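The next block holds one structure in the form of structure tokens; read it before the comments.
The values are calculated or read from the model by the stated rules, or taken from the named source; none is laboratory data. Owing to the predicted nature of the structure, the values given are computational and were not obtained by experimental measurement. A quick note on method: Cβ atoms are made from the backbone with ideal geometry, for glycine too, and the neighbour counts reach across all protein chains shown.
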Amino acid sequence: MANAPLQCATFFGKLIENEYVHFNKLSALVIDDISAMRHAVRSQLQSLGMNKVSVASNANDALELIKSTAFDVIMCDYNLNSPSSGQHFLEYLRNENILNATSVFVMLTAEAEYGFVANAVEFIPDDYLLKPCSESKLRSRLERLIDRRAFLMPVLKALDARHYDVAVAECNKLLDIAPDDRRRMDVLRRKSDAQLALGDHSSVLETYAHAATVRGDAPWVMMGLARTHYALGEFTQATEIANELVGKNKSYVAAYELLARIRLEANDDEGAFELLNRSSVILPSAKRFRSVAQAAFLLGKLEEAKLNTEAAIQLSNGSMVEKSDDYLSLAQTQVDMGDHMTAIETLEKNARKHGDVGMFGVAKGAILAQAYFDSGDHEKARKLMERSVSLLANRTDSVAMSALGKAALKTGDIVLGMKLLTQAVQASGQDERIIARHVKKSMIDTGHADKVEDVIDGGRKRILLLVDEATKLMRTAHFTEANQKVNEALGIHEENLEVLMTAAQLHLLWLKHEGMDARVVQRAKAYLSTLDKLVPNNQKVMNFYRFFNDIVSN
Amino acid sequence: MQKTLSALVVHDIKNALALLEIDLEQLNHHKDVPPEGRRAYRRCIELKNRLISFLTLYKYDQSGLQPLVVEVELAEFVEDLVRNSQSAMMAESHHGHQIVVHADGERMKPDSAAGGFGMFDENLVELALESALNNAVRYARQRVDVWFEQEADEIIFRVLDDGAGVGVVDELMQRNTAEKSSSTGLGLALCKAVAEAHGSGHVSLESLDGAGTLFTMVLRRVA
């Protein structure tokens, strides 16, 4: 803090000195759709002394820049003149874990109603500023933000390096020296983030309890508590806290979304649908419309499913959250509504830009086959099925297999249909619950309700049993025997996440207890790299990697 | 359709005004700016403030303001308010000399339990206080003082000018009720709206016999 003052700018000939922040060492990105505004904000930042100021006119360009450069400051316009706003962009960056913890994100908004949006969401920017903002005000706010960041820096760096245990240790150091409650809350929030990343639920509960003694009604504390109880299977407590949060703030969408997930666990589909619907009305986004559409589809509310999927397409069109799968959902809904001509138009005309290769092509062909079959063109349906089956080859993709399986059942190939649907469930990994629901619905819709259990539970029950046996053997240090069970389970489905996680864990314990064995090291490496490919950036896998490196380096 | 169109037009005007302001701001960085440059900058700021006040009030009338409540350190907030105030920067009395705007540290009373922190929407409150400051600066003789007082569940902001007092206050209040288009009335209405959005707070103007005019804005905890 005691650095020599820097000369940054003059105002009416007066020298403005800056004692706190070396703006000339900071980089910034300005995102605004209006070119003149972009450049105006850039000149203000340059006047503050920043030399490295990049600009982007839309979220897609900004995304590329953010991926390649760790900006110190990101100034994003709320109104990006496209269906998705600055808030959508921020949510996307946080959800995808793209935004560095060390980057300060400031939302610039011309509207006082930004308060409404920010009150409803979980991910809020580090600060928001009303436009137009004078240079001196910009300076004050940035100084404050950079100052706050400087205090947290060791923690933020550890978070960005994904060294979560280091981050927790740094947080503990900072808690001892935090000068006031605001700083203390800043640190506690980062500490809970790190503990969540470590999957350390019991410690994170302690951190939330600590934060609650400082400021118990902070939404992030309540939301974190609710979510942790949910993760621990304590649904009653999770529901209570989420309800309290919603009682205090009727527009807090994250709480509605958690409540919806709890309703789903309780098989209350109707309740889940209503909660999701409410959150999409409060704060529309493509992701929320998709959730509503999916819940509606599984409930057989086809009209609602159609409208919400159309809304998701409209809102994400041309943006980074655009998903070709939306067209598949829409067309499948249209087929189920008996509207095969529109479904054909959806896929052949409206979804043309997504082509028909890869797994999208497989699913597209499968849904088109259903539509043509319904229209009476059985020959065309057969050709489409053949093409999709050959495109699928021996690859496993739950969505494509599920669509193809349904098409097979519908067009009369029961054997193929059952086989594909069984595989779809087995290959579904993290999405198992939802894929299983779709498969079940497809079977009931095509008159095969009696075989649902075989298809959904067949392979899965055996896999679970084997994983269970392997875990018990592993705990009693019978590593070779445990490995046999794991191999048997992988024989049923080689990309089942649960099995792969168990296999990785088994091999790590093996190395720790029995010492280094080249073959075991080799296999451990192979499992970890498969997992990394299947679920990139998964915290559990990251921890396995660190554990592995620790063992190997010792 | 008409509503959408006017919203578009207003948005467009506001953006253009914002750009103009930043251009003039950057222009005024130069040492040898002619007085017209400075005047243009001041006029632009006034115009922008009026438009933003109007839009914020319009929003308040239509659907109410939704404060985005964050934790704010009060002393720092008042100091930044004064330091960054465009009204203070441009303040010249009718007699041609500079008006001093002062963050009055001695009068600031943080509540010991709250530790000098308050929960409110700093952008909205800043908007309101800036318009109160603008008003005070116009009627002050030499000096305007700004401070806060904090009680268990209230935050009180005060702006005191050393202007003429009673007569002015009457005039202000009258203008405020009779005709909202004047910038004073607009400013006061804006302050009321912002205070109300913060836990049904309120504002008042009182004349301190010969000692000037005191503006008070009370915010309560937002439930």
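The table below gives the values:
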{"read-out": "Some residue of the stretch B:50-59 being aromatic (Phe, Trp, Tyr) and within 16 Å of the chain's Cα centre (by Cα)", "value": "yes"}
{"read-out": "Qualifying residue in the stretch B:100-110 (condition: out of contact with any strand residue (DSSP E or B) (no Cβ under 7 Å at 6 or more places or on another chain) and either outside any helix (DSSP H, G or I) or outside the structural domain of B:Asn135 (by TED's automatic domain parsing) (or both))", "value": "yes"}
{"read-out": "Whichever residue in the stretch A:136-168 is part of a helix (DSSP H, G or I), of a type in the set (A, V, I, L, M, F, W, C) and without any contact (Cβ under 8 Å) to a residue 12 or more places away in the chain and, among such residues, is farthest from A:Phe105 (Cα to Cα)", "value": "A:Val166"}
{"read-out": "Some residue of the stretch B:52-73 being away from chain A (no Cβ under 11 Å), of a type in the set (A, V, I, L, M) and closer than 25 Å to B:Ala189 by Cα", "value": "no"}
{"read-out": "In the stretch A:42-53, the residues that are buried (at least 21 other Cβ atoms within 10 Å of the Cβ) and in a strand (DSSP E or B)", "value": "A:Val53"}
{"read-out": "Unique residue being within 14 Å of chain A (Cβ to nearest Cβ) and either modelled with pLDDT of 85 or more or closer than 17 Å to B:Gly118 by Cα (or both) when the list is B:Ser204, B:Ser131, B:Ser200", "value": "B:Ser131"}
{"read-out": "Close pairs from the stretch B:89-109: first within 23 Å of B:Phe157 (Cα to Cα), partner part of a strand (DSSP E or B) and at pLDDT below 80, Cβ under 8 Å, at least 6 apart", "value": "B:Ile99/B:Glu92"}
{"read-out": "First in the stretch A:174-186 and at the interface with chain B (Cβ under 10 Å from one of its Cβ atoms), second anywhere and of a type in the set (Gly, Ala, Ser), Cβ under 6 Å, 6 or more apart", "value": "none"}
{"read-out": "All positions within the stretch A:226-236 that are in contact (Cβ under 8 Å) with a residue 12 or more places away in the chain and either farther than 17 Å from A:Ala212 by Cα or over 23 Å from the mean Cα position of the chain (by Cα) (or both)", "value": "A:Tyr230, A:Ala231, A:Leu232, A:Phe235"}
{"read-out": "Filter result for A:Glu91 (of a type in the set (D, E, K, R), crowded, with 19+ Cβ neighbours inside 10 Å, touching a residue at least 60 places away in the same chain (Cβ under 8 Å) and closer than 30 Å to A:Pro154 by Cα)", "value": "yes"}
{"read-out": "Filter result for B:Glu126 (modelled with pLDDT of 90 or more, crowded, with 16+ Cβ neighbours inside 10 Å and either within 25 Å of A:Asn119 (Cα to Cα) or within 14 Å of another protein chain (Cβ to nearest Cβ) (or both))", "value": "yes"}
{"read-out": "Those residues of the stretch B:32-44 which are facing another protein chain (nearest Cβ under 8 Å) and outside any loop (DSSP other than H, G, I, E, B), in sequence order", "value": "B:Arg38"}
{"read-out": "Leading residue by the ranking (nearest to B:Phe120 (Cα to Cα)) among those in the stretch A:101-135 that are small (Gly, Ala, Ser) and outside any loop (DSSP other than H, G, I, E, B)", "value": "A:Gly115"}
{"read-out": "Residue within the stretch B:94-104 that is surrounded by fewer than 14 Cβ atoms within 10 Å (Cβ to Cβ), under 28 Å from A:Gln44 (Cα atoms), among the polar types (S, T, N, Q) and more than 11 Å from chain A (Cβ to nearest Cβ) present", "value": "yes"}
{"read-out": "Any hit, the stretch A:104-118, residues being among the polar types (S, T, N, Q), within 12 Å of chain B (Cβ to nearest Cβ) and surrounded by fewer than 21 Cβ atoms within 10 Å (Cβ to Cβ)", "value": "no"}
{"read-out": "Segments classed as helices (runs of 4 or more DSSP H), wholly inside the stretch A:449-515, with at least 3 members that are in contact (Cβ under 8 Å) with a residue 60 or more places away in the chain and crowded, with 20+ Cβ neighbours inside 10 Å", "value": "none"}
{"read-out": "Test for B:Tyr41: is it surrounded by 15 or more Cβ atoms within 10 Å (Cβ to Cβ), out of contact with any strand residue (DSSP E or B) (no Cβ under 8 Å at 6 or more places or on another chain), under 22 Å from A:Gly115 (Cβ atoms) and of a type outside the set (D, E, K, R)", "value": "no"}
{"read-out": "Residue count for the stretch A:254-291, restricted to those that are away from chain B (no Cβ under 14 Å) and either small (Gly, Ala, Ser) or under 25 Å from A:Gly86 (Cα atoms) (or both)", "value": "24"}
{"read-out": "Residue selected from the stretch A:54-84 under the condition within 14 Å of chain B (Cβ to nearest Cβ) and crowded, with 21+ Cβ neighbours inside 10 Å, by the criterion modelled with the lowest pLDDT", "value": "A:Leu80"}
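Condition check ((1) outside the structural domain of B:Asn135 (by TED's automatic domain parsing); (2) in a helix (DSSP H, G or I); (3) modelled with pLDDT under 85) across all residues:
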position	(1), (2), (3)
B:Leu19	yes, yes, no
B:Glu25	yes, yes, no
B:His30	yes, no, no
B:Leu47	yes, yes, no
B:Leu51	yes, yes, no
B:Ala88	no, yes, yes
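Rundown of residues vs (1) over 21 Å from A:Ala489 (Cβ atoms); (2) under 30 Å from the mean Cα position of the chain (by Cα), yes/no style:
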position: A:Ala400; (1), (2): yes, yes
position: A:Gly412; (1), (2): yes, no
position: A:Gly417; (1), (2): yes, no
position: A:Ser428; (1), (2): no, yes
position: A:Glu432; (1), (2): no, yes
position: A:Arg437; (1), (2): yes, yes
position: A:Ser442; (1), (2): yes, yes
